[in-house]
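The values are calculated or read from the model by the stated rules, or taken from the named source; none is laboratory data. Keep in mind it's a predicted model, so treat the numbers as computed, not measured. Here Cβ is always computed from backbone atoms with ideal geometry, including for glycine, and neighbour counts include all displayed protein chains. For accessibility, only protein heavy atoms count, side chains too; no ligands or nucleic acids. Shrake-Rupley method; radii C 1.70, N 1.55, O 1.52, S 1.80 Å.
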Amino acid sequence: LHPSFIRARYNLSLASTNMGQHREAAENCLIALSLQQRELQTMDEKGKAAHIDASRTLPARGMSSTIWNALQLSMYMLGEPQLAESCEKQDLDAFRAKFDF
(Lines give C-alpha, C1' and ligand atoms only; values in the text may rest on other atoms or scores of the structure.)
Protein backbone atom coordinates (compact mmCIF):
# COMPACT_ATOMS: atom_id res chain seq x y z
CA LEU A 1 0.00 0.00 0.00
CA HIS A 2 1.41 3.34 -1.01
CA PRO A 3 0.13 5.90 1.54
CA SER A 4 -0.17 8.67 -1.04
CA PHE A 5 -2.54 6.81 -3.36
CA ILE A 6 -5.84 8.62 -3.08
CA ARG A 7 -7.87 5.64 -4.27
CA ALA A 8 -6.18 3.35 -1.73
CA ARG A 9 -7.10 5.73 1.09
CA TYR A 10 -10.69 5.85 -0.12
CA ASN A 11 -10.82 2.05 -0.28
CA LEU A 12 -9.46 1.86 3.27
CA SER A 13 -12.22 4.22 4.38
CA LEU A 14 -14.84 1.92 2.83
CA ALA A 15 -13.35 -1.14 4.52
CA SER A 16 -13.20 0.70 7.85
CA THR A 17 -16.84 1.76 7.51
CA ASN A 18 -17.86 -1.84 6.82
CA MET A 19 -16.09 -2.89 10.03
CA GLY A 20 -17.73 -0.11 12.06
CA GLN A 21 -14.46 1.79 12.45
CA HIS A 22 -15.93 5.19 11.63
CA ARG A 23 -13.12 7.33 13.02
CA GLU A 24 -10.56 5.42 10.97
CA ALA A 25 -12.83 5.71 7.94
CA ALA A 26 -13.05 9.47 8.43
CA GLU A 27 -9.29 9.80 8.83
CA ASN A 28 -8.68 7.96 5.56
CA CYS A 29 -11.22 10.16 3.76
CA LEU A 30 -9.55 13.26 5.14
CA ILE A 31 -6.12 12.05 4.08
CA ALA A 32 -7.45 11.27 0.59
CA LEU A 33 -9.05 14.71 0.27
CA SER A 34 -5.94 16.42 1.58
CA LEU A 35 -3.78 14.55 -0.94
CA GLN A 36 -6.19 15.47 -3.70
CA GLN A 37 -6.14 19.12 -2.66
CA ARG A 38 -2.31 19.21 -2.63
CA GLU A 39 -2.18 17.52 -6.02
CA LEU A 40 -4.52 20.11 -7.51
CA GLN A 41 -2.53 22.97 -5.97
CA THR A 42 0.68 21.54 -7.40
CA MET A 43 -0.91 21.26 -10.83
CA ASP A 44 -2.07 24.87 -10.62
CA GLU A 45 1.40 26.02 -9.62
CA LYS A 46 2.98 24.20 -12.53
CA GLY A 47 0.44 25.56 -14.98
CA LYS A 48 -0.86 22.14 -15.91
CA ALA A 49 -4.39 22.68 -14.65
CA ALA A 50 -5.44 24.11 -18.00
CA HIS A 51 -4.97 20.68 -19.57
CA ILE A 52 -7.56 19.02 -17.34
CA ASP A 53 -11.23 18.99 -18.19
CA ALA A 54 -12.42 19.46 -14.61
CA SER A 55 -16.05 19.22 -15.65
CA ARG A 56 -15.49 15.54 -16.48
CA THR A 57 -13.12 14.49 -13.70
CA LEU A 58 -13.74 16.50 -10.54
CA PRO A 59 -16.37 18.85 -9.12
CA ALA A 60 -15.88 22.60 -9.38
CA ARG A 61 -13.89 22.82 -6.18
CA GLY A 62 -11.61 20.10 -7.49
CA MET A 63 -12.16 17.36 -4.94
CA SER A 64 -14.10 14.13 -5.23
CA SER A 65 -17.73 14.38 -4.17
CA THR A 66 -17.71 10.61 -3.57
CA ILE A 67 -15.04 10.95 -0.88
CA TRP A 68 -16.86 13.91 0.67
CA ASN A 69 -20.06 11.83 0.81
CA ALA A 70 -18.23 8.97 2.54
CA LEU A 71 -16.75 11.45 5.02
CA GLN A 72 -20.18 12.91 5.69
CA LEU A 73 -21.56 9.46 6.47
CA SER A 74 -18.69 8.85 8.90
CA MET A 75 -19.37 12.15 10.64
CA TYR A 76 -23.02 11.23 11.17
CA MET A 77 -22.00 7.81 12.48
CA LEU A 78 -19.59 9.51 14.91
CA GLY A 79 -22.32 11.85 16.16
CA GLU A 80 -20.72 14.93 14.58
CA PRO A 81 -23.57 16.62 12.68
CA GLN A 82 -21.77 19.97 12.49
CA LEU A 83 -18.78 18.37 10.82
CA ALA A 84 -21.15 16.44 8.55
CA GLU A 85 -22.54 19.78 7.42
CA SER A 86 -18.98 21.00 6.73
CA CYS A 87 -18.79 18.31 4.07
CA GLU A 88 -21.40 20.23 2.08
CA LYS A 89 -19.02 23.21 2.02
CA GLN A 90 -16.03 20.98 1.27
CA ASP A 91 -14.12 22.69 4.07
CA LEU A 92 -11.14 20.56 5.14
CA ASP A 93 -10.04 23.12 7.73
CA ALA A 94 -13.20 22.48 9.77
CA PHE A 95 -11.88 18.99 10.57
CA ARG A 96 -8.36 19.93 11.69
CA ALA A 97 -9.32 20.51 15.34
CA LYS A 98 -10.55 16.92 15.80
CA PHE A 99 -8.52 14.94 13.26
CA ASP A 100 -4.85 14.71 12.30
CA PHE A 101 -4.32 14.46 8.57
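At R0 = 22 Å, how high is the FRET efficiency between Ser65 and Asn11 if r is their beta carbon distance? Nearest 0.05 is fine. Plugging the Cβ-Cβ distance into 1/(1 + (r/R0)^6) gives 0.85. Largest accessible area first, the residues Leu92, Leu40 order themselves as Leu40, Leu92 under a 1.4 Å probe with ligands, DNA and RNA left out.
For the peptides 63-69, 15-21, 26-32, the ranking by mean Cβ contacts within 10 Å, running from highest to lowest, is 26-32, 63-69, 15-21.
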